[in-house]
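Derivation of every value follows stated rules applied to the coordinates shown; laboratory data play no part. No experiment lies behind these values; they were computed from the predicted model shown. Because the Cβ atoms are built from the backbone with ideal geometry, glycine has one as well, and the counts that use them run over all protein chains shown.
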C-alpha cells in the first residue's frame, strides 16, 4: 500500500519539477533556517513539526492568544458590570493556563485585579477631560 502511495507522490513531484513548479520558491538555493527544538522531547519533535507546519498552536499558546484577545476587548468595554465579568473570565483563563504549564509561581502570568483596572480607567478619563 505505502509503495503505491510513495510512487504516486514521487511521480507527482517529478511532473511538477518538469513543469517548473518549483522554480519560483521563496528562499531557493539558501539553506533552511535551523529550528531550536532542544526544549521539546525528542520523541515529540516530528509531531511538533507537523503541527507547526499545519498552522496549529500548542494548547498553551492558543490559550495565551485567547487571553490577549479578551484583554483587547476589555479595554473597549464601557459597561462596568460587563467589564467585571470579562475580568473574571480572563482571570479564570489565566489560572487555567498557569496550571497547565506547571511552572514555578514566579513565571506564571499575573491575573487582573478589578480595583486596579477601575482606578486606571478612571484616572485615564480624568486626564482626557
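Once you order the gyration tensor axes a ≥ b ≥ c over the Cα atoms, which shape class does region 1-53 get: rounded for a/c under 1.5, otherwise prolate or oblate by comparing a/b with b/c? Judged from the Cα gyration tensor, region 1-53 comes out oblate (a/c at least 1.5, b/c at or above a/b). Packing here is the average count of other Cβ atoms within 10 Å per residue, and on that basis the peptides 91-97, 49-55, highest first, run 91-97, 49-55.
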